[in-house]
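Trainee: My questions will all concern the structure given below.
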Amino acid sequence: MKIYNTLTKKKEEFEPIEPGKVKMYVCGPTVYDYIHIGNARPYVIFDCIRKYMEYRGFEVNYVQNFTDVDDKIIKKANDEHVDMQVISDRYIKEALQDAEGLNVKKPSSTPRVTEEMDEIIEMIDTLIQKGHAYVVGGTVYFDTKSFKGYGKLSGKNIDDLEAGARIEVDTDKKHPCDFVLWKPNKEGEPKWVAPWGDGRPGWHIECSVMAKKYLGDSIDIHAGGEDLVFPHHENEIAQSEAANGVPFSKYWLHNGFINIDNEKMSKSKGNFFTLREIAAEIPYDVIRFFILSGHYRSPINFSRELMTAAQHGLDRIKECIKSIDFIAQNATATEMSADETALVAESNKFRRDFEESMDNDFNTADALASIFDFVKFANIHVTATASKPFATEIKDNILQLCDVLGIQTTAENVQFSMTDEEIEACIAERQQAKAAKDFKRADEIRDQLNSRGIVLQDTPSGVRYSHKSL
RNA sequence: GGCGCCAUAGCCAAGUGGUAAGGCAGAGGUCUGCAACACCUCCAUCCCCAGUUCAAAUCUGGGUGGUGCCUCCA
């Protein structure tokens with residue numbers, strides 16, 4: 001399994017620190033609002049990577065945090081005249097709902113900053129003790145010059161950064177790159193008691209602390225959006241390695257951005273969308289499928305037109321599954337023919353292709369091509385069979401690959417506008433009409449059902465019905 | 001100013017040395033009582049120029065056009 005490591009800028013063979021186990025940390029959202037469509041990408045892709053590793057037999061300890069103390073949350077809380085926790089609780093709940101919609105497996109742990117304050121203070125204290133941090137007034141800064149590896153992840157040179165510094169230099173800092181570990185609270189802001197003064201933690205320290213607490217000093221994979229490379233992840237490395245004295249994360253993974261109509265999403269451009277808004281019009285599974293249709297490190301563009309194309313592609317897969325599932329349930333033969341046994345063996349090539357793609361830095365676009373190849377194979381061979389075991393075998397194999405990508409294929413709880421009995425009665429009547437060559441009546445029944453969102457399909461194994469929208 | 005990334009058919013998108021996966025859309029055909037689903041066939045020589053090589057979309061240099069980070073940000 002090869003994995004692109006931002007730290008070394010190369011694809012490397014994946015070897016976990018502890019054989020068979022993967023310790024993975026993914027930076028989670030700041031919960032001041034619904035998560036936006038851009039957040040959906042790391043949710044989906046790192047979930048998919050996790051699932052593939054589990055498919056490969058690794059035991060994955062997957063941690064994703066929630067940042068629940070932040071200026072934006074405080075502002076919103078003040079605007080609504082409620083406690084900060086009311087805001088963060090609300091949007092954590094919503095984020096979890098979105099994650100579920102995207103078919104993201106629940107992380108092993110989802111820590112929140114406000115519940116890790118003791119450990120945060122402890123790590124800052126360690127950094128001060130070790131001479132990697134200093135206090136000015138009530139503010140604690142990390143001393144970037146004291147950590148010789150600073151810049152190794154982002155490829156930035158600390159002195160170039162100084163020269164190009166765009167923001168006003170905080171004169172309290174020893175170096176412009178020094179960043180805040182702890183800052184005093186302002187009037188009306190939440191605060192925690194700390195040895196160097198009441199206040200709250202800076203943004204970067206939380207991830208170092210939570211990774212350490214839930215996974216250990218050295219972890220296998222640290223992931224997040226590409227914009228986090230600098231300064232956030234660079235700073236995390238500095239904090240963790242300075243405090244713990246061992247390498248922080250072995251592999252660093254970063255996902256590319258989602259653009260909207262070829263532009264970066266931003267509030268000022270007016271093209272900012274929450275996932276919830278999008279999901280109101282585009283099913284979650286289409287959004288997930290769309291995200292997986294490109295390589296995770298490349299930027300992808302989001303538009304109505306592309307969603308429609310993704311919808312159709314996904315429908316093709318789902319249609320196939322439904323079709324072979326119908327055969328698996330209705331086929332009468334209980335034995336596989338010799339030809340079919342050979343076909344099952346032949347179909348293993350799709351799994352091999354799939355694995356090869358995923359082994360190559362989680363190339364989901366390529367893996368999807370294997371699934372489409374498999375779908376075509378199934379459409380040709382399974383629809384021609386009357387063998388239950390054959391149909392079942394192929395179905396199970398496709399489903400297993402789809403599960404790795406998180407493509408939801410299980411018969412969802414479809415709510416028809418009629419009961420199954422009613423539908424089946426209509427079908428029976430139509431079959432009679434057909435037998436009597438009364439095609440006018442047969443078509444009438446089909447049209448009636450169609451207008452109620454139910455599509456009939458005549459197959460050799462019987463009449464199948466499904467939802468119009470699939 | 002510093003550090004990156006990208007450029008493949010109408011659209012999306014794999015492929016990083018041996019003569020272009022897959023999906024969407026489109027055209028024609030088969031199946032069907034008619035449909036639907038499905039299947040078959042057709043649909044690119046990989047931004048430009050130069051170079052390396054028996055061989056390049058794939059490597060090197062130059063150019064053009066995009067774009068990201070350096071500031072909260074997935």
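Trainee: Could you list, in sequence order, the residues of the range A:245-277 that are in contact (Cβ under 8 Å) with a residue 60 or more places away in the chain, open to solvent by less than 20 Å² (accessible area, probe 1.4 Å), more than 14 Å from A:Glu226 (Cβ to Cβ) and in contact with a His (Cβ under 9 Å, 6 or more places away or on another chain)?
Mentor: Passing the criteria: A:Ser249, A:Tyr251, A:Thr274, A:Leu275.
Trainee: Something else about it: Here are some conditions: (1) under 30 Å from A:Lys145 (Cβ atoms); (2) of a type in the set (A, V, I, L, M, F, W, C); (3) crowded, with 17+ Cβ neighbours inside 10 Å. A:Ile282 meets all but one. Which one does it not meet?
Mentor: Of the numbered conditions (1) under 30 Å from A:Lys145 (Cβ atoms); (2) of a type in the set (A, V, I, L, M, F, W, C); (3) crowded, with 17+ Cβ neighbours inside 10 Å, the odd one out for A:Ile282 is (1).
Trainee: Something else about it: Among A:Asp339, A:Asp373, which is the only one that is open to solvent by 20 Å² or more (accessible area, probe 1.4 Å), under 30 Å from A:Ile258 (Cβ atoms) and assigned to a helix (DSSP H, G or I)?
Mentor: On the way: A:Asp339 fails: under 30 Å from A:Ile258 (Cβ atoms).
None of the others qualify; the one that does is A:Asp373.
Trainee: Identify all residues within the range A:271-301 that are within 16 Å of the chain's Cα centre (by Cα) and among the aromatic types (Phe, Trp, Tyr); write none if there are none.
Mentor: Correct list: A:Tyr284, A:Phe289, A:Phe290, A:Tyr296.
Trainee: Quick one: how many residues across the range A:396-436 are assigned to a loop (DSSP other than H, G, I, E, B), modelled with pLDDT of 90 or more and buried (at least 17 other Cβ atoms within 10 Å of the Cβ)? Before the answer, list the steps.
Mentor: Our first condition is that a residue be assigned to a loop (DSSP other than H, G, I, E, B); within the range A:396-436, this holds for A:406-419, A:436.
Those still in the list that are modelled with pLDDT of 90 or more too: A:406-407, A:436.
Going one step further and asking which of them are buried (at least 17 other Cβ atoms within 10 Å of the Cβ), we end up with A:406-407.
Result for the range A:396-436: 2.
Trainee: Can you pull out the strands (runs of 3 or more DSSP E) entirely within the range A:1-103 that have at least 1 residues that are of a type in the set (Phe, Trp, Tyr) and out of contact with any Gly (no Cβ under 7 Å at 6 or more places or on another chain)?
Mentor: Working: elements: A:2-5, A:10-13, A:21-26, A:59-64.
The qualifying strands (runs of 3 or more DSSP E) are A:2-5, A:21-26, A:59-64.
Trainee: So which residues in the range A:16-31 are in contact (Cβ under 8 Å) with a residue 40 or more places away in the chain and open to solvent by 50 Å² or more (accessible area, probe 1.4 Å), if there are any at all?
Mentor: A:Ile17, A:Lys21
Trainee: So, one more: Among (1) touching a residue at least 40 places away in the same chain (Cβ under 8 Å); (2) under 20 Å from A:Ser266 (Cβ atoms), where does A:Val69 come up short?
Mentor: A:Val69 satisfies every listed condition except (2).
Trainee: So which residues in the range A:209-235 are within 22 Å of the chain's Cα centre (by Cα) and either more than 8 Å from RNA strand B (Cβ to nearest atom) or aromatic (Phe, Trp, Tyr) (or both), if there are any at all?
Mentor: Here is the first cut: in the range A:209-235, the ones within 22 Å of the chain's Cα centre (by Cα) are A:210-211, A:214-215, A:219-230, A:232-233.
A:Met210, A:Ala211, A:Tyr214, A:Leu215, A:Ile219, A:Asp220, A:Ile221, A:His222, A:Ala223, A:Phe230, A:His233, listed by residue number.
The values are calculated or read from the model by the stated rules, or taken from the named source; none is laboratory data. Keep in mind that this is a model prediction, so the values were computed, not measured. No Cβ is skipped: glycine too gets one built from the backbone with ideal geometry, and neighbour counts run over all protein chains shown. SASA here: full protein model, heavy atoms, side chains in, ligands and nucleic acids out. Shrake-Rupley method; radii C 1.70, N 1.55, O 1.52, S 1.80 Å.
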